[in-house]
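The values are calculated or read from the model by the stated rules, or taken from the named source; none is laboratory data. Owing to the predicted nature of the structure, the values given are computational and were not obtained by experimental measurement. Methodologically, a virtual Cβ is constructed for each residue, glycine included, from the backbone with ideal geometry; neighbour enumeration extends over all protein chains shown. The protein model used for the area step is the full one, side chains on, heavy atoms only, and it has no ligands, DNA or RNA in it. Shrake-Rupley method; radii C 1.70, N 1.55, O 1.52, S 1.80 Å.
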Amino acid sequence: MSALDPKPLVVFAYPKIDHEKDYLYFWMPFSVLTIAKDLVDEGQVDVIVFDGNQESLSDWEALLRSEADRLLFVGFSIMTGGGQIGHALELARIAHRIVPDTPRVFGGPHVNVLPDETASHELVDVAITGPGQNAVQKLVQAFRGECQLWEVPGLVVRNSLGFRRGPDNPPRTGVLGQYPWDLVDVESYIRDDPTIAPRTLNYVSSQGCAYKCRFCYEQMYQRKWSSQAAGPLLDDIARLVDTYDLGGIKFYDADWFINLRRAEEICVGLKDMSRPIRWAASINPNDVLKARQHRPGLLRAIAESGCSRLLMGVESGNDRVLSDIVAKEIDRAGILDVAHEIASNGILGSYTFIVGFPGETDDEVEDTYSLLDSLRSLTPTPETRVHLFAPYPGTPLFDEAVAAGFQPPTSLEGWSHFDYYDSQTPWTSAVTVARARANTHMRTQPKETST
Ligand code: B12
Ligand code: SF4
């Protein structure tokens with residue numbers, strides 16, 4: 001490259017996610033911010049993030065046209081559900097038309113579980129499995145001709161000879177660093193959240209989960225968990241709060257409380273911050289039981305540090321379903337016990353349930369609704385949300401659902417329309433769907449997610 005050549009550019013697209021009508025949300029595209037970070041720090045290439053939830057298809061066309069001469073590759077992040085795959089293919093089709101020679105790279109949760117199906121699509125040049133931050137620098141080198149494509153960790157390419165794969169890219173992410181906030185307009189992601197505070201920003205501070213619920217994608221991380229350490233995380237939050245006048249942070253980690261010592265350190269730091277904030281996070285009921293043994297007083301510390309809401313996947317009110325189907329590692333009595341402690345600390349519990357598991361009986365479903373009713377009698381009255389079981393590829397329950405008659409899509413195109421909120425399984429009746437909807441009581445928008 002001569003001094004006059006333009007700096008190569010990598011564009012990461014976070015395709016639009018469809019929601020129920022009238023659902024407003026502004027979620028930061030953390031997946032692509034995470035993979036962009038090292039490229040930004042290294043400075044060999046420029047990076048642009050395109051957020052399909054904020055920008056239109058004509059913005060996308062304009063971006064590709066204006067940057068065509070320096071585009072090194074375009075990366076797309078996809079999860080299963082929410083129509084995101086369909087929107088990614090829409091963006092990829094436009095890229096194919098405007099910059100046909102620019103490689104299109106796909107990564108994200110869906111690719112992690114169905115890499116070969118993804119790589120087989122005509123619009124996909126390269127699929128990357130595993131944490132993208134371990135792969136993108138090598139990908140840049142490969143597309144600049146400085147190494148072979150086959151050296152890129154997690155790579156899957158399909159050509160006329162079949163599949164070609166790069167070295168393994170296991171789900172080990174190491175210590176997570178701070179996000180390259182300059183790549184996005186942070187202000188546009190801030191919203192008022194009635195269960196937290198006005199001017200709340202969402203935040204993901206860890207990857208992976210230590211539990212192994214049998215319906216959940218986090219299995220992919222093989223119980224490996226990595227996070228931002230308490231100190232740098234608190235610094236980042238303090239900076240965001242000051243710069244953007246934030247009132248709240250909503251943590252969207254799979255389980256924010258895996259490391260109880262870290263959780264306690266963060267609570268202390270949040271309480272001592274010069275500008276106090278309100279916050280919310282996801283917790284597994286077992287974290288509360290473990291805290292009783294190892295960090296007594298943690299729930300009080302959580303409440304005193306400004307936590308207004310804890311989101312917990314309860315899944316079922318039946319002990320057989322909890323143990324044999326879900327592997328939740330807790331029983332009904334334990335869940336009630338934990339929920340009482342959360343309520344007694346004045347924290348709003350937000351409890352999600354799943355009905356329609358393969359092999360679940362009607363009586364077992366009744367147990368779920370009776371637990372939901374018991375939880376609703378607590379003060380403050382918890383939120384509840386009843387999800388329909390949706391078989392997610394890569395999970396043990398996906399295979400059991402297939403054995404029980406669920407017919408999954410068999411192509412990337414087919415997964416485009418997979419809707420987590422619709423009944424996906426032949427054994428789930430319209431009555432089951434209606435009852436689940438009727439038992440969903442949220443203080444926020446009707447379409448909060450379960451994790
Ligand atoms: C925030 C979030 C959302 C946000 C939006 C996403 C956003 N803008 O960030 C909202 C609330 C809209 C959302 C919605 C849904 N979500 Co969601 N969501 C999450 C959550 C909690 C965090 C995502 C995140 O930022 N993770 C952190 C980043 C760093 O990790 P990552 O996304 O895995 O990305 C890494 C790799 O996958 C890879 N990678 C990712 N993209 C790319 C791209 C390239 C090019 C490369 C090379 C690599 C790469 O590298 C990244 C860094 O290591 C995750 C759970 C979790 N904690 O991860 C679920 C999760 C992604 N959601 C999930 C699902 C199913 C949904 C829904 C479809 C249903 C639901 N559970 O509510 C809905 C959408 C449907 C609808 N109609 O509403 C599943 C996806 C499972 C799957 N097989 O794809 C997850 C994993 C939750 C779970 N455990 O089941 N979600
Ligand atoms: S459901 Fe929650 S606790 Fe269970 S594995 Fe998934 S993220 Fe972890």
Length gain on complete extension for the stretch GLU187 to MET442, per 0.36 nm per residue less the alpha carbon to alpha carbon distance? 89.3 nm
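Please work out the average accessible area per residue across the chain, using the 1.4 Å probe convention, and give it in Å².
41
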Can you send over the carbon and sulfur percentage of the accessible area for the chain, probe radius 1.4 Å, protein chains only? 50
For the chain, what does the helix formula give at 222 nm: sum of -39500 (n - 2.57) over DSSP H segments with n ≥ 4, over the residue count, nearest 500 deg cm²/dmol? -10000 deg cm²/dmol
Got a sec? Which residues in segment 334-378 would a label at ALA434 touch, if it sits 7 Å along Cα→Cβ and we count backbone N under 13 Å? none
Could you sort out which of LYS138/LYS224; LYS16/LYS37; LYS37/LYS212; LYS250/LYS290; LYS7/LYS224 sit more than 25 Å apart by Cα distance in this structure? LYS37/LYS212; LYS7/LYS224
Antiparallel bridges, percent of DSSP beta bridges restricted to segment 9-165 (to nearest 5): 25
Sorted by mean Cβ packing within 10 Å, highest first, what order do the peptides 129-142, 181-194 take? 129-142, 181-194
Given the Cα atoms of segment 136-264, and with Rh set as the inverse mean 1/r over their pairs in the Kirkwood sense, what is Rg to Rh to two decimals? 1.07
Going 7 Å from the Cα of SER226 along its beta-carbon direction, which residues of segment 154-173 have the amide nitrogen within less than 12 Å of the resulting point? 169-173
Translational diffusion coefficient, Stokes-Einstein: compute it for the chain using the Kirkwood radius over C-alpha pairs as Rh, at 25 °C and 0.890 mPa s, and state it as an integer in µm² s⁻¹. 107
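Report the antiparallel proportion of the DSSP beta bridges in the chain as a percent, rounded to a multiple of 5.
Details: 10 of 50 bridges.
The antiparallel fraction comes to roughly 20 percent.
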Once ligands and nucleic acids are excluded and a 1.4 Å probe is used, how much of HIS294 is accessible, expressed in Å² to the nearest 10? 130
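For a protection proxy built on the mean count of beta-carbon atoms within 10 angstrom, sort 344-353, 156-165 highest first, please.
344-353, 156-165
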For segment 235-305: relative contact order, % (alpha-carbon pairs under 8 angstrom, 6 or more apart): 38
Which of the three applies to segment 190-438, rounded, prolate or oblate, going by the alpha-carbon gyration tensor with a ≥ b ≥ c and a/c under 1.5 meaning rounded? prolate
